[in-house]
Amino acid sequence: MKIVILDGSAANPGDITWKALENLGEVTAYDITSKDQLIERMQGAEVAITNKTVFDKKVFDKLPDLKYIGVLATGYNVVDLQAARDHGVTVTNVPEYATFATAQHTMALLLELTNLAGLHSSSVMDGDWCRCPQFCYFKGSLTELAGKTLHIIGLGKIGKRVARMAYAFGMTVTATPHDASLIGTTVDVSGTPVKCLALEDGIRGANVVSLHCPLTDDTREIINKNTLSWFNKGTILINVARGPVINEADVRAALDSGLLGGFGCDVVCVEPMLESNPLLGAPNCIITPHIAWTPVETRIRLIDMAAANLKAFMDGSPINKVN
């Protein structure tokens, strides 16, 4: 079986292997594939492994040998599922491979905004401590998380793990869950009590708001000028969900005005980031380039799970099928 990995450098820039997939067939791996290169590279291949390379209706019409697309991600919006069905192509994804890493990155962003470790380390490396007359100094105000309230928007697996981590820091945790029937109840998350509140109530009572919801019509720009008006002055906002769940211009305005005490994100509306993005240069803002999912252990898990998906398809019992 001929297997083509179309944009492998994101998951494997060279520090791990494709062995799990190589055990299943003849593998050709490309770092990245442009729209113009896709058809040529897929000629004669039955299997495509993609992360962000798009498969639209026109692509399927030109790839008669294609039988399977394995998406190296949880989201699979890069594939036209109806076109895949029409052409008899099975599409799978890899769910929940990055739960631990994404929750960890959430706390990393929060801790940088509250402890300013990177800011102070850069200052020390520039020689500021050597020139300081006192044994310590501050480049900004640090914040203690114990006793603060974290409100989570979207209480799925990642949201629940973040809840447990925040609770370990001594924080009170509330959430607006996907399931509206839980509003007004308290959910036990592995020993962490999480009070479920309506969105406005949760935001108004929070010192930190963290987004862990999928991107849907209901959640698109859920953080906007109106919902930002519910925030207490100085509240920290974290987004490791999807870029478009916030209105970036409105968040920039809230940072400029001081309404938001800080914003940390790992995702933006258009990736790679555009030079016109309003968040560039914003005060009290930390942005990482969509790396929450990238620890070595997580990427190995991703490739192993993708290989398991393909093996199940080859055995006639596909798993994690999305079409």
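The values are calculated or read from the model by the stated rules, or taken from the named source; none is laboratory data. Computed from a predicted model, the values in this text were never measured in an experiment. Glycine also receives a Cβ, built like all others from the backbone with ideal geometry; neighbour counts cover every protein chain displayed. Just the protein is used for accessible areas: all its heavy atoms, side chains included, with ligands, DNA and RNA removed. Shrake-Rupley method; radii C 1.70, N 1.55, O 1.52, S 1.80 Å.
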Inset, instruction - Tell me, yes or no, whether region 184-202 has at least one residue that is within 17 Å of residue 235 (Cα to Cα), among the hydrophobic types (A, V, I, L, M, F, W, C) and buried (at least 19 other Cβ atoms within 10 Å of the Cβ). - result: no
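Being assigned to a strand (DSSP E or B) and open to solvent by less than 10 Å² (accessible area, probe 1.4 Å): is that true of residue 91 here? Quick ask: steps written out before the conclusion?
Details: assigned to a strand (DSSP E or B): yes; open to solvent by less than 10 Å² (accessible area, probe 1.4 Å): yes.
So residue 91 passes the test.
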Legend entry - Residue selected from region 216-228 under the condition touching a helix residue (DSSP H, G or I) at 6+ places or on another chain (Cβ under 6 Å) and not β-branched (Val, Ile, Thr), by the criterion farthest from residue 257 (Cα to Cα): 220
Inset, instruction - Check residue 96 against each of (1) out of contact with any Lys or Arg (no Cβ under 8 Å at 6 or more places or on another chain); (2) assigned to a loop (DSSP other than H, G, I, E, B); (3) in contact (Cβ under 8 Å) with a residue 24 or more places away in the chain; (4) not basic (Lys, Arg) and name the one condition it does not meet. - result: (1)
Inset, instruction - State all residues of region 28-42 that are over 28 Å from the mean Cα position of the chain (by Cα) and surrounded by 12 or more Cβ atoms within 10 Å (Cβ to Cβ); if no residue qualifies, say none. - result: 39, 41, 42
Inset, instruction - Can you tell me which residue within region 53-86, out of those that are under 22 Å from residue 25 (Cα atoms) and part of a loop (DSSP other than H, G, I, E, B), is nearest to the chain's Cα centre (by Cα)? - result: 73
Inset, instruction - Go through the residues of region 253-266 one by one and say whether even a single one is in a helix (DSSP H, G or I) and within 30 Å of residue 25 (Cα to Cα). - result: no
Inset, instruction - Report whether or not residue 227 is in contact with a Lys or Arg (Cβ under 6 Å, 6 or more places away or on another chain) and open to solvent by less than 30 Å² (accessible area, probe 1.4 Å). - result: no
Inset, instruction - Collect the residues in region 241-280 that are touching a Cys at 6+ places or on another chain (Cβ under 7 Å), crowded, with 22+ Cβ neighbours inside 10 Å and among the aliphatic types (A, V, I, L, M), keeping them in residue-number order. - result: 241, 245
Legend entry - Filtered residue count, region 298-323, keeping only those that are open to solvent by 60 Å² or more (accessible area, probe 1.4 Å), without any contact (Cβ under 8 Å) to a residue 24 or more places away in the chain and closer than 23 Å to residue 12 by Cβ: 0
Legend entry - Members of region 146-157 that are without any contact (Cβ under 8 Å) to a residue 60 or more places away in the chain, over 18 Å from residue 188 (Cβ atoms) and hydrophobic (A, V, I, L, M, F, W, C): 146
Legend entry - Failed criterion for residue 45 (all others in (1) of a type outside the set (Ser, Thr, Tyr); (2) outside any loop (DSSP other than H, G, I, E, B); (3) surrounded by 14 or more Cβ atoms within 10 Å (Cβ to Cβ) hold): (2)
Inset, instruction - Output the number of the condition that residue 123 fails; it satisfies all remaining conditions of (1) open to solvent by 30 Å² or more (accessible area, probe 1.4 Å); (2) over 27 Å from the mean Cα position of the chain (by Cα). - result: (1)
Legend entry - Pair list, Cβ < 7 Å and 6+ apart or interchain, from region 34-57 residues that are under 21 Å from residue 314 (Cβ atoms) and in contact (Cβ under 8 Å) with a residue 12 or more places away in the chain to residues that are open to solvent by 70 Å² or more (accessible area, probe 1.4 Å) and among the hydrophobic types (A, V, I, L, M, F, W, C): 46/1; 47/1
Inset, instruction - Output the residues belonging to region 148-168 that are in a loop (DSSP other than H, G, I, E, B) and under 22 Å from residue 284 (Cα atoms). - result: 148
